[in-house]
Amino acid sequence: MYRPKLFAILTITFMLGQSIHSGYGLGERSFTHSASALSMSSRGIIPSFTENVSLSNPVTWNHLKFAYLAGNISGNEVSSNLGTNGHTDFNSLQFAVSIGSNYAWGFGVRPLFSHKLSLIGSSSDEFIVNGDTLNTQHFVDGSGGVSSLYTAIRFPITANEGAAIELDILFGSYRKDTKLRINDRDYHYYQRHIYDGSLYRLFLTSNRFNKGQIPANIYLMISGAIKSLRANHLSFQPFEDVNKNGYFDTSPPSDSPNPSSVPNAESSIFKNIYNPFEFGAGLDFKLKNNKSHIMAEFYHWKDNGNKSDELFSLKSLYIDQSNQYSISFAKFSSDDAFKLSQKIQYRSGVYFRHDNLYNNTSSVNEFGLTVGFGIKFGRAKNQLDFAYKYGLRSGDVKSDEIIQQITFGVQIGDLWFVKRRPK
Amino acid sequence: MKLLYLTSVLVTGTFLISINGCMEEPLHADLSNENLELDTLHLYDIEGETYQIPPSIGSKTRLSLGVDGEFEYKAILLKTSFVSSESVQLSYASLLDSNILIDSAFFTVYLTTDTLINPISFSLFSFPDQGDSVFSESKSHYLNFTETEIALGQYEASALEEESEFMVDSVANSVFRARFNVSDMLDSTFMDSSLNYTVMLTLDNDDGNLHSVYSREYSSLENTTPKLDVYFKQFTYADSADTSQDTQIDTLQRSFKVISDLSILVPPDILDEDSSFISISRGKGLRSLISLNFLDTLALPNQTTFDKAELIFHIVPDTTISSFTLYAIPLQDTVELTNFTYFDEDLFDTFSYLTVSGTVSDNQVVFNIKRFLQDHYFNHIDNLGIKLYSSVNNSIHSTVHLYSNADSLLYPKLFIQYVSP
């Protein structure tokens with residue numbers, strides 16, 4: 001009965017946006033996949049959905065009271081001296097269910113890299129050939145990325161410690177159109193990358209210190225590659241778009257060379273193009289007020305993959321290492337909240353992020369704040385989440401950027417694995 | 001319930017994945033490392049050799065007799081259609097019907113002259129004994145249609161050049177023609193058993209001048225096509241089994257227009273420069289083969305797309321050449337030609353779809369052979385050379401001499417401009 005609402009809300013589209021970094025290398029890594037995590041400046045390690053539960057941390061899923069289908073989308077806007085751009089992103093779609101008090105299982109899909117670009121060459125070359133003056137300029141357009149289809153199980157280790165193992169199957173594709181304009185003639189060169197690979201993620205938690213004056217829970221995460229990402233690179237024959245319609249076709253006047261005469265795309269495999277190491281740690285301090293929490297999170301990510309020139313002609317501004325430190329505050333609603341005001345969960349956070357560009361050529365700092373809230377509704381504790389982020393990225397080799405992001409999340413609950421009384 | 005739940009997951013997931021953002025404004029970036037580059041090449045090792053074939057004078061708007069400088073036009077061959085232009089139901093054979101009585105028949109050609117000072121006399125011949133093939137527009141020439149073949153013609157009639165008037169929109173127009181009375185020619189042999197329907201035109205007296213008539217290619221609108229007009233009576237009986245009863249008589253005229261025609265031209269002897277340069281001439285039948293052997297070992301980047309491929313020749317300056325168009329067409333077969341050679345016919349097959357033209361301008365001629373190079377690069381065709389020959393619209397008196405590889409500074413070259421990843 002709740003599913004139609006999910007469809008309706010998820011069809012909303014937002015303003016569109018582009019950071020210069022999303023055009024380089026594999027694109028821009030997507031770290032946060034839910035509105036609840038974003039509103040606490042978290043990359044998903046610490047609880048943010050409800051008390052003790054993070055949608056992105058399967059080791060916390062045993063605290064879910066219901067099975068949840070969760071969907072999140074976001075709208076980004078990036079402003080800089082280069083211009084203002086934006087894009088909408090699908091953040092995640094996930095199903096998770098607790099099995100008893102110590103076990104949980106879930107699966108979902110989420111983007112790993114968003115690779116979108118529309119670039120114009122900053123300079124136009126002019127040279128003379130056989131007495132003719134030729135002006136040339138490059139244009140690059142592309143879109144695609146890498147996504148993850150994942151599943152995770154949570155299980156206990158000791159009375160106080162729990163663990164979760166997540167398997168990520170990576171997939172995706174990327175289409176790129178490099179255009180060379182020679183005076184008024186356009187040559188297109190289409191390329192396509194088809195990705196595949198797999199990752200593991202190991203989560204640990206301990207409530208051994210969840211006692212005393214300031215009870216605390218500890219969360220850890222480590223991740224790496226099972227089979228590092230590889231790309232099947234398809235290179236298509238360049239052609240002159242004689243009829244100026246943007247396609248390689250025979251509509252008069254036919255493009256050159258004739259589409260029927262060109263060979264098949266050349267295919268080559270590039271291995272180990274993404275080989276990450278990730279580590280995350282979080283602390284969740286429960287305040288005296290029973291439902292208020294102060295949390296801290298550290299998250300490190302580094303890509304050790306090979307980025308060949310043939311596959312990645314643009315990589316100088318690729319972020320291949322990122323560290324984030326965040327402090328956040330949350331006031332969760334109680335399970336038995338009755339009034340609307342009691343059903344709202346308040347969240348906020350500040351973060352500092354330090355990114356290294358490809359091969360440590362330079363670094364970028366970003367800091368910002370996030371706020372958000374969630375509203376429970378319905379008997380199954382469904383939840384609507386909203387988050388807003390405002391960040392400043394400075395020290396960039398191209399231009400400082402102002403980043404704004406809005407994320408919506410919808411979580412629909414249902415009872416699973418509960419014996420119902422016969423009527 | 002659970003099944004519906006899982007279905008929602010899958011459907012919603014598919015839907016969400018289909019939601020993609022898109023960009024608004026392109027950003028400026030350093031794209032100098034982008035892997036689509038423009039480059040050029042100049043290649044010079046181009047060989048050429050000339051050969052001669054009998055000149056092909058078909059597909060022209062005029063047919064000629066007489067002398068034109070060093071060229072001599074010995075005869076005009078014309079073949080009419082076997083059905084009338086007014087009705088395809090009426091053929092030569094149907095004129096043999098017993099209900100038809102031919103009154104008269106005239107074969108008419110229209111002259112290109114605009115004065116009538118010294119009327120010229122022409123003779124018309126037929127070939128009743130030559131089967132169904134007397135000549136070919138594309139293959140007949142002065143070497144296979146010699147005085148011997150000309151002598152096989154059976155004289156039918158003579159005619160003097162005359163002026164004739166015809167009305168167009170109530171306005172009288174004047175035209176010059178030669179009209180042959182061929183009533184006697186339309187016997188059962190010509191109309192039935194002989195299928196060639198070919199006649200030959202010659203000059204009765206060679207006055208040292210050139211005399212031309214309009215060919216079938218000249219214009220389909222101005223009615224200048226050579227034709228054979230037949231005037232006849234057609235009897236129609238109320239009862240076809242009883243011809244003694246009342247009869248309806250229709251007097252009719254039908255035309256059988258010419259469907260192929262050709263002048264037999266005897267060219268002059270070739271000159272030394274015709275064989276020492278890469279030479280092209282329509283009148284002399286000079287053609288040339290160009291070798292671009294370096295293409296087979298040319299190392300071009302992977303997935304090269306040609307932007308320009310200009311085969312450039314410099315011509316030996318000649319003030320008499322005002323407009324001259326040449327064709328270049330890749331060969332289908334391997335040809336070994338090491339010096340000037342004469343052939344009875346052009347046997348070198350070509351890829352007609354790759355034909356390109358070039359017009360002499362500023363003492364050079366440029367052929368755009370981009371498609372040939374691209375197809376060769378894709379290994380669709382072999383590099384067996386390129387044939388150069390003259391357009392049929394060029395003057396028969398013009399011969400273009402192109403500098404060969406042996407001529408310093410003005411040797412031919414191939415300029416390639418290409419893009420590649």
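Anything in the stretch A:36-48 that is in contact with a strand residue (DSSP E or B) (Cβ under 7 Å, 6 or more places away or on another chain) and either part of a strand (DSSP E or B) or of a type outside the set (A, V, I, L, M) (or both)? List them, or say none. Within the stretch A:36-48, A:Ser36, A:Ser39, A:Ser41, A:Ser42, A:Arg43, A:Pro47, A:Ser48 meet the criteria. Note on the stretch B:355-370: among residues that are surrounded by fewer than 21 Cβ atoms within 10 Å (Cβ to Cβ) and not β-branched (Val, Ile, Thr), the one that is nearest to the chain's Cα centre (by Cα) is B:Ser357.
For the stretch A:84-135, what are the residues that are among the β-branched types (Val, Ile, Thr) and either at pLDDT 85 or above or touching a helix residue (DSSP H, G or I) at 6+ places or on another chain (Cβ under 9 Å) (or both)?
From the stretch A:84-135, those among the β-branched types (Val, Ile, Thr) are A:84, A:88, A:97, A:99, A:109, A:120, A:128-129, A:133; that's our starting set.
Answer for the stretch A:84-135, where residues must be among the β-branched types (Val, Ile, Thr) and either at pLDDT 85 or above or touching a helix residue (DSSP H, G or I) at 6+ places or on another chain (Cβ under 9 Å) (or both): A:Val97, A:Ile99, A:Val109, A:Ile120, A:Thr133.
Out of B:Phe306, B:Phe294, which single residue is over 22 Å from A:Glu240 (Cα atoms) and hydrophobic (A, V, I, L, M, F, W, C)? Even if it seems obvious, please write down each step before you answer.
Working: B:Phe306 fails: over 22 Å from A:Glu240 (Cα atoms).
Residue meeting the stated conditions: B:Phe294.
The residues of the stretch A:265-290 that are in contact with a strand residue (DSSP E or B) (Cβ under 9 Å, 6 or more places away or on another chain) and part of a loop (DSSP other than H, G, I, E, B), listed by number, are A:Ala265, A:Asn275, A:Leu287, A:Asn289.
Of the residues A:Ser363, A:Ser399, which single one is of a type in the set (Gly, Ala, Ser) and in contact with a Gly (Cβ under 7 Å, 6 or more places away or on another chain)? Show your work before the answer.
Values: A:Ser399 fails: in contact with a Gly (Cβ under 7 Å, 6 or more places away or on another chain).
Of the residues listed, the single one that is of a type in the set (Gly, Ala, Ser) and in contact with a Gly (Cβ under 7 Å, 6 or more places away or on another chain) is A:Ser363.
For A:Ser341, the conditions (1) touching a strand residue (DSSP E or B) at 6+ places or on another chain (Cβ under 6 Å); (2) free of Cβ contacts under 8 Å to residues at least 60 places away in the same chain; (3) of a type outside the set (Val, Ile, Thr); (4) on the phi < 0 side of the Ramachandran plot all hold with the exception of (1). In contact (Cβ under 8 Å) with a residue 40 or more places away in the chain, over 25 Å from A:Glu310 (Cα atoms), surrounded by 15 or more Cβ atoms within 10 Å (Cβ to Cβ) and away from chain B (no Cβ under 11 Å): does that describe A:Ile194? Judged against the criteria, A:Ile194 is not a match.
Scoring A:Leu199 on the criteria (1) more than 14 Å from every other protein chain (Cβ to nearest Cβ); (2) surrounded by 16 or more Cβ atoms within 10 Å (Cβ to Cβ); (3) out of contact with any Asp or Glu (no Cβ under 6 Å at 6 or more places or on another chain) leaves a single failure, condition (3).
In the set (1) at negative phi; (2) more than 20 Å from the chain's Cα centre (by Cα), the condition left unmet by A:Gly83 is number (1). Total residues in the stretch B:25-43 satisfying the condition of being in contact with a strand residue (DSSP E or B) (Cβ under 8 Å, 6 or more places away or on another chain), facing chain A (nearest Cβ under 7 Å) and free of Cβ contacts under 8 Å to residues at least 12 places away in the same chain: the figure is 8. Within the stretch A:178-206, restricting attention to residues that are at pLDDT 95 or above and acidic (Asp, Glu), the residue that is nearest to A:Arg154 (Cα to Cα) is A:Asp196.
For A:Arg154, work out the one condition from (1) touching a Leu at 6+ places or on another chain (Cβ under 9 Å); (2) of a type in the set (D, E, K, R); (3) modelled with pLDDT of 95 or more it doesn't fulfil. Checking A:Arg154 against (1) touching a Leu at 6+ places or on another chain (Cβ under 9 Å); (2) of a type in the set (D, E, K, R); (3) modelled with pLDDT of 95 or more, the one that fails is (1).
B:Leu96 satisfies every condition listed in (1) of a type outside the set (Lys, Arg); (2) touching a strand residue (DSSP E or B) at 6+ places or on another chain (Cβ under 6 Å); (3) in contact (Cβ under 8 Å) with a residue 40 or more places away in the chain except (2). A:Glu266 falls short on exactly one of the conditions (1) surrounded by fewer than 18 Cβ atoms within 10 Å (Cβ to Cβ); (2) more than 14 Å from every other protein chain (Cβ to nearest Cβ); (3) within 30 Å of A:Leu199 (Cα to Cα); (4) charged (D, E, K, R), and that condition is (2).
It is to be established whether one or more residues within the stretch A:225-235 are in a strand (DSSP E or B), more than 14 Å from every other protein chain (Cβ to nearest Cβ) and within 19 Å of A:Ala37 (Cβ to Cβ).
In the first step, residues of the stretch A:225-235 are kept if they are in a strand (DSSP E or B); the result is A:225-235.
Within this subset, residues satisfying the condition of being more than 14 Å from every other protein chain (Cβ to nearest Cβ) are A:225-232.
Now narrow it down to the ones that are within 19 Å of A:Ala37 (Cβ to Cβ): none.
No, the stretch A:225-235 contains no residue that is in a strand (DSSP E or B), more than 14 Å from every other protein chain (Cβ to nearest Cβ) and within 19 Å of A:Ala37 (Cβ to Cβ).
Filter the stretch B:51-62 down to the residues that are farther than 13 Å from B:Ser140 by Cβ and under 19 Å from the mean Cα position of the chain (by Cα) and list them by number. Correct list: B:Gln52, B:Lys60, B:Thr61, B:Arg62. Note on the stretch B:90-132: residues that are part of a strand (DSSP E or B) and among the acidic types (Asp, Glu) total 1. The lone criterion from (1) touching a residue at least 60 places away in the same chain (Cβ under 8 Å); (2) within 30 Å of A:Ser206 (Cβ to Cβ) left unmet by A:Phe277 is number (1).
Within the stretch B:247-277, the set of residues being out of contact with any His (no Cβ under 6 Å at 6 or more places or on another chain), of a type in the set (D, E, K, R) and touching a residue at least 12 places away in the same chain (Cβ under 8 Å) comprises B:Asp250, B:Arg254, B:Lys257, B:Asp261, B:Asp274. Can you find, within the stretch B:393-421, the residue that is farthest from B:Arg287 (Cα to Cα) among those that are crowded, with 16+ Cβ neighbours inside 10 Å and of a type in the set (A, V, I, L, M, F, W, C)? So the residue we want is B:Val419. Do we have any residue at all in the stretch B:139-156 that's charged (D, E, K, R) and touching a Lys or Arg at 6+ places or on another chain (Cβ under 9 Å)? There is at least one residue in the stretch B:139-156 that is charged (D, E, K, R) and touching a Lys or Arg at 6+ places or on another chain (Cβ under 9 Å).
Residues in the stretch B:389-421 that are closer than 19 Å to B:Asp45 by Cβ and away from chain A (no Cβ under 14 Å): B:Leu402, B:Tyr403, B:Ser404, B:Asn405, B:Ala406, B:Asp407, B:Ser408, B:Leu409, B:Leu410, B:Tyr411, B:Pro412.
The values are calculated or read from the model by the stated rules, or taken from the named source; none is laboratory data. Here the structure is a predicted model, which is why all the values come from computation and not from measurement. With ideal geometry, Cβ positions are generated from the backbone for all residues, glycine too; neighbour counts draw on all protein chains shown.
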